[in-house]
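Trainee: One structure, pasted below without further comment.
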Amino acid sequence: MNMRIFLFGAGYSALAFARLARDQAPSVAGTTRSEHKFGALRDAGIEPFVFDGTAVSPEIAAELARVTHIVVSAGPSDAGDPVIAAARGLLVHATPALRWIGYLSTVGVYGNYDGEWIDESADCRPRPGRSDNRLEAEKQWRELAAERGVPLAILRLSGIYGAGRNAFVNLEAGTARRIVKPGQIFNRIHVDDIAGSLLHLARLEAGGVFNVTDDEPAPPQDVVAYAAGLMGVAPPPEIDFDTADLSPMARSFYGENKRVSNAKLKATGYRFVHPNYRAALSSMWEKGNWRRD
C-alpha cells in the first residue's frame, strides 16, 4: 500500500510510528512547535514543519493536499482541538487524496470503574480537565471524518512507556517510588505497540474506537519492583498512598481504577510486541535499549 503520511504533533509516540512506517511509506511529514526539533524529526525520517497550534502555513497546506493518511497526536486544551481549530476547512475541502485519519486519545476518557474490566462499549465519564478535553476532541474528529467521508480510528492509549520513559530510568535517577493504594490497577502500553497498532490500523484503513493497551493491568508498585529485580538493585520502600507526598495531579491519577480490554484491537489481527510489562521490561533490559535513543 502506497501511503503518504502526515503527523500533527510529532512527539514521542509519533516519532516511534514514523521510524516503523518509513520502510512502507515513501513520505512521512510532521509538525513540531519549534525548528530546534527539526533534527530529531529528520532522524526519524520525518519531513518537518512548524505548527504553533494556531495557524497552518502554506507549506503544510500544500503537503496536506497530497497526503493519504493523517495521524493526530497534538493534545487539546480547554479551547478545543488545535488542529480542528486551525485546519478544519482545509482538511474537509483540500485533501483530495486522504483515505484515513488516526487520532491518539487516552483510556482516561472512561473515568473510574473501581477496578472492573471494560471495553470500548463502556460509558465515558471522564473527570473535568485533560480527559474531558480529549473526549470532546474525539467528538470533533468524528464530525470532521464523517463530513470528509473517510474512516477515523480513535486509539485510546493507556500509560505510555518505552526507551527513556520507564522504571529503569527512574530507578537509576533515584526518583522511582512504590506508592501503594490497595486494589489500584493500571494498564500501560509500550511505545513500540503504539507504533505497531497505528501502522496496522492505517494499513487496514480501519475506523472505530480501539483500546491500545497491554494484556495485564497491574499495580504500579509491582512494575517498579520487577524492574529493580532485573537491575539487581533493591526496590524503593513501599509508601502508603494516604500519607504519600503527591502533587494534586499525581494524586488525581490514582482516582481512576480500571482494567481495560484490548480484545477489539486483537480481533483485527494485531499481535502485541510486548503483551505485558514483564515481557517488555525483560526485553528492554536484555537488549540494553531502555535509555533514550
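Trainee: Within the stretch 15-28, identify whether any single residue is touching a strand residue (DSSP E or B) at 6+ places or on another chain (Cβ under 6 Å) and among the aromatic types (Phe, Trp, Tyr), and answer yes or no.
Mentor: No, that holds for no residue.
Trainee: While we're looking at this one, here's another question. From the list Gly208, Gly164, which residue is over 23 Å from Trp285 (Cβ atoms) and out of contact with any Asp or Glu (no Cβ under 7 Å at 6 or more places or on another chain)?
Mentor: Values: Gly164 fails: over 23 Å from Trp285 (Cβ atoms).
The match here is Gly208.
Trainee: Can you tell me how many residues in the stretch 248-293 are over 21 Å from Gly108 (Cα atoms) and either among the acidic types (Asp, Glu) or assigned to a helix (DSSP H, G or I) (or both)?
Mentor: Going through the stretch 248-293 one residue at a time, the tally reaches 12.
Trainee: Just to be sure, is Ala206 open to solvent by 10 Å² or more (accessible area, probe 1.4 Å), among the small types (Gly, Ala, Ser) and over 24 Å from Val109 (Cα atoms)? Working first, answer last.
Mentor: Details: open to solvent by 10 Å² or more (accessible area, probe 1.4 Å): yes; among the small types (Gly, Ala, Ser): yes; over 24 Å from Val109 (Cα atoms): no.
Against the criterion (open to solvent by 10 Å² or more (accessible area, probe 1.4 Å), among the small types (Gly, Ala, Ser) and over 24 Å from Val109 (Cα atoms)), Ala206 does not qualify.
Trainee: Filter the stretch 103-158 down to residues that are in a helix (DSSP H, G or I) and polar (S, T, N, Q) and give me whichever is surrounded by the fewest Cβ atoms within 10 Å (Cβ to Cβ).
Mentor: Filtering the stretch 103-158 down to residues in a helix (DSSP H, G or I) leaves 107-110, 130-148.
Within this subset, residues satisfying the condition of being polar (S, T, N, Q) are 131, 133, 140.
Numbers: Ser131: 20, Asn133: 19, Gln140: 17.
Top of the filtered list is Gln140.
Trainee: Which one of these is open to solvent by 20 Å² or more (accessible area, probe 1.4 Å), among the small types (Gly, Ala, Ser) and under 21 Å from the mean Cα position of the chain (by Cα): Gly196, Gly269?
Mentor: Working: Gly196 fails: open to solvent by 20 Å² or more (accessible area, probe 1.4 Å).
It is Gly269.
Trainee: Exactly one condition in (1) within 23 Å of Ile5 (Cα to Cα); (2) in a loop (DSSP other than H, G, I, E, B) is not met by Asp245; state its number.
Mentor: It is condition (1) that Asp245 fails.
Trainee: So Phe8 fits all but one of (1) without any contact (Cβ under 8 Å) to a residue 60 or more places away in the chain; (2) within 19 Å of Arg88 (Cβ to Cβ); what number is the exception?
Mentor: (1)
Trainee: A further question on this structure: Tell me the residue from Phe186, Phe253 that is touching a Pro at 6+ places or on another chain (Cβ under 9 Å), modelled with pLDDT under 95 and not hydroxyl-bearing (Ser, Thr, Tyr), please. Spell out how you get there, then give the answer.
Mentor: Numbers: Phe253 fails: touching a Pro at 6+ places or on another chain (Cβ under 9 Å).
After ruling out the rest, the residue left standing is Phe186.
Trainee: Scan the stretch 43-73 for residues that are open to solvent by 10 Å² or more (accessible area, probe 1.4 Å), modelled with pLDDT of 95 or more, out of contact with any helix residue (DSSP H, G or I) (no Cβ under 8 Å at 6 or more places or on another chain) and in a helix (DSSP H, G or I) and jot them down.
Mentor: Pro58, Glu59, Ala62 - these are the residues of the stretch 43-73 that are open to solvent by 10 Å² or more (accessible area, probe 1.4 Å), modelled with pLDDT of 95 or more, out of contact with any helix residue (DSSP H, G or I) (no Cβ under 8 Å at 6 or more places or on another chain) and in a helix (DSSP H, G or I).
Trainee: Just to be sure I understand, how many residues within the stretch 199-238 are outside any loop (DSSP other than H, G, I, E, B) and under 30 Å from Ala145 (Cα atoms)? If you could, list the steps in order and put the result at the bottom.
Mentor: Filtering the stretch 199-238 down to residues outside any loop (DSSP other than H, G, I, E, B) leaves 199-204, 208-212, 218, 220-231, 238.
Then drop every residue that is not under 30 Å from Ala145 (Cα atoms), which leaves 199-204, 208-212.
The total comes to 11.
Trainee: Quick one: would you say Glu205 is in contact (Cβ under 8 Å) with a residue 12 or more places away in the chain, acidic (Asp, Glu) and farther than 23 Å from Leu91 by Cβ? Give the derivation first.
Mentor: Working: in contact (Cβ under 8 Å) with a residue 12 or more places away in the chain: yes; acidic (Asp, Glu): yes; farther than 23 Å from Leu91 by Cβ: no.
When the stated conditions are applied, Glu205 does not pass them.
Trainee: Name the single residue, out of those in the stretch 26-41 being among the aliphatic types (A, V, I, L, M) and outside any strand (DSSP E or B), that is least open to solvent (accessible area, probe 1.4 Å).
Mentor: The initial filter retains those residues of the stretch 26-41 that are among the aliphatic types (A, V, I, L, M), namely 28-29, 40-41.
From what's left, outside any strand (DSSP E or B): 40-41.
Values: Ala40: 54, Leu41: 4 Å².
Out of the qualifying residues, it is Leu41.
Trainee: Moving to a separate point now. Can you tell me which residue in the stretch 5-25 is nearest to Pro76 (Cα to Cα), limited to those that are of a type in the set (Phe, Trp, Tyr) and buried (at least 24 other Cβ atoms within 10 Å of the Cβ)? Lay out the reasoning, then the answer.
Mentor: Quick first cut of the stretch 5-25, residues of a type in the set (Phe, Trp, Tyr) only: 6, 8, 12, 17.
Now drop any that are not buried (at least 24 other Cβ atoms within 10 Å of the Cβ), which leaves 6, 8, 17.
Numbers: Phe6: 18, Phe8: 12, Phe17: 20 Å.
Out of the qualifying residues, it is Phe8.
Trainee: Looking at (1) modelled with pLDDT under 95; (2) under 20 Å from the mean Cα position of the chain (by Cα), which one does Glu120 not meet, given that it meets all the others?
Mentor: With respect to (1) modelled with pLDDT under 95; (2) under 20 Å from the mean Cα position of the chain (by Cα), Glu120 is out only on (1).
Trainee: When you look at Ala86, is it modelled with pLDDT of 95 or more, open to solvent by less than 40 Å² (accessible area, probe 1.4 Å) and touching a Leu at 6+ places or on another chain (Cβ under 8 Å), yes or no?
Mentor: Numbers: modelled with pLDDT of 95 or more: yes; open to solvent by less than 40 Å² (accessible area, probe 1.4 Å): yes; touching a Leu at 6+ places or on another chain (Cβ under 8 Å): no.
In short, no.
Trainee: Of (1) modelled with pLDDT of 95 or more; (2) out of contact with any Asp or Glu (no Cβ under 9 Å at 6 or more places or on another chain), Tyr103 satisfies all except one. Which?
Mentor: (2)
The values are calculated or read from the model by the stated rules, or taken from the named source; none is laboratory data. Only a predicted model underlies this, so the values are computations on that prediction, with no experimental measurement involved. Reconstructed Cβ throughout: ideal geometry from the backbone, glycine too, with neighbour counts over all protein chains shown. Accessible surface areas use protein heavy atoms only, side chains included; no ligands, DNA or RNA. Shrake-Rupley method; radii C 1.70, N 1.55, O 1.52, S 1.80 Å.
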